[in-house]
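The values are calculated or read from the model by the stated rules, or taken from the named source; none is laboratory data. Computed from a prediction, not measured in an experiment: that's the story for all the values here. Cβ: placed from backbone, ideal geometry, glycine included. Neighbour counts: every protein chain shown.
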Amino acid sequence: MILTDSEILKCIESGDIHVSPFRRECLGSNSYDVHLGKTLAVYQNRVLDARIHNLIETFEIPEEGYLLQPDEFYLGVTQEYTETFKHVPFLEGKSSVGRLGIDIHATAGKGDVGFCNFWTLEISVKQPVRVYAGMPIGQLIYFETRGELLTPYNKKGSAKYNEKTALPVESMMWKNRF
């Protein structure tokens, strides 16, 4: 079941969901709008290897915006820091963003119960498009869970994305054993 606006507000008031900064006008009927942070990143190497630590270079989006290119893959970050303790958060792009040809996640739209961080965005575009820090970029949808939660994400020893940062975070696939 997806939470409605009134249920999201109740969960924020109870502390089960935390969004910072929280702006009431960003609350939709059954979602919460998030915005593009000021920092983007690109991988240093054109060829990536899943077994090694692929380093990124970060840069700030200038006031006049930044022109994303279709042949480049970008990591972005939300302005909002979130915490979710009893619900599964899903990050989806806004329809207005999709209609500009911007994808905000390649495969990782689902968060975990216990995720406490900014969201790294996996951005690609269909044609050149200028983006701006602070523009609406996506929406969080919250699903109820069923059953006892044994280990929230922020308590998992194997969790690779627990370090709190307002910067895009590169893939940590290299930490897996394969």
With the condition kept exactly as written, say whether any residue in the stretch 85-103 is more than 17 Å from residue 170 (Cα to Cα), surrounded by fewer than 16 Cβ atoms within 10 Å (Cβ to Cβ) and of a type in the set (Ser, Thr, Tyr).
yes
Residue list for the stretch 151-178, restricted to those being surrounded by 15 or more Cβ atoms within 10 Å (Cβ to Cβ), in a loop (DSSP other than H, G, I, E, B) and of a type in the set (A, V, I, L, M, F, W, C):
159, 167, 169
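For every residue, the table says whether it meets (1) out of contact with any helix residue (DSSP H, G or I) (no Cβ under 7 Å at 6 or more places or on another chain); (2) of a type in the set (Asp, Glu); (3) not in a loop (DSSP other than H, G, I, E, B).
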position: 49; (1), (2), (3): yes, yes, no
position: 67; (1), (2), (3): yes, no, yes
position: 77; (1), (2), (3): yes, no, yes
position: 89; (1), (2), (3): yes, no, yes
position: 96; (1), (2), (3): yes, no, yes
position: 112; (1), (2), (3): no, yes, no
Output the qualifying pairs, or none if there are none: Cβ atoms under 7 angstrom, residues six or more apart or on different chains, first residue in the stretch 16-34 and within 12 Å of residue 3 (Cα to Cα), second residue of a type in the set (S, T, N, Q) and in a strand (DSSP E or B).
17/84; 28/139; 31/139; 32/139
Step by step: first the residues of the stretch 13-47, then only those that are touching a helix residue (DSSP H, G or I) at 6+ places or on another chain (Cβ under 9 Å) and part of a loop (DSSP other than H, G, I, E, B), then the one that is surrounded by the fewest Cβ atoms within 10 Å (Cβ to Cβ). Which residue is that?
29
Matching entry among 121, 150, 140 (being aliphatic (A, V, I, L, M) and without any contact (Cβ under 8 Å) to a residue 12 or more places away in the chain):
150
Among the residues of the stretch 115-143, the number that are modelled with pLDDT under 95 and either over 18 Å from residue 169 (Cα atoms) or in contact with a Leu (Cβ under 8 Å, 6 or more places away or on another chain) (or both) is 0
Before we move on, is residue 77 surrounded by 17 or more Cβ atoms within 10 Å (Cβ to Cβ) and on the phi < 0 side of the Ramachandran plot?
yes
